[in-house]
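Colleague: Quick one: structure below, then a few questions.
The values are calculated or read from the model by the stated rules, or taken from the named source; none is laboratory data. Note that this is a predicted model, so its numbers are computed, not measured. Here the Cβ positions follow ideal geometry from the backbone for every residue, glycine too, while neighbour counts run over all protein chains shown.
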Amino acid sequence: MTAPKSEPDHLVRDSFIMPAQDHALIAKIARKYRLLLPRDPTKNEILRIALRLLDEAEMANEADQKKLITRFNSLKVPKRGRPSGS
């Protein structure tokens, strides 16, 4: 008897914009962990790990929640849509 095949993860393509400073931070993190990992981490992997860390930290303790809320409130929201004249 063979083991049942697991279904592949459903992948979703998405597109978003972020400030150049945040994009540079992803590159900085990639450079930092490049020396510790057997391969270069991708932007996708860094963002996915950050999502999981946020999810775990959400209910960690009240002090961490307050820091997280402060960070969310300090983010500047980029303008949506294409720049005028394009």
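Colleague: Please determine, by comparing only the residues of segment 6-42 that are among the polar types (S, T, N, Q) and modelled with pLDDT of 90 or more, which one is nearest to F72 (Cα to Cα).
Modeller: Out of the qualifying residues, it is Q21.
Colleague: If the Cβ limit is 8 Å and pairs must be 6+ apart or interchain, which residue in segment 1-22 that is farther than 18 Å from R48 by Cβ pairs with which residue that is at pLDDT 80 or above and not in a helix (DSSP H, G or I)?
Modeller: Matching pairs, first to second residue: P19/K76.
Colleague: Looking only at residues that are within 20 Å of D14 (Cβ to Cβ) and β-branched (V, I, T) in segment 30-83, which one is surrounded by the fewest Cβ atoms within 10 Å (Cβ to Cβ)?
Modeller: Per the criteria, the residue is V77.
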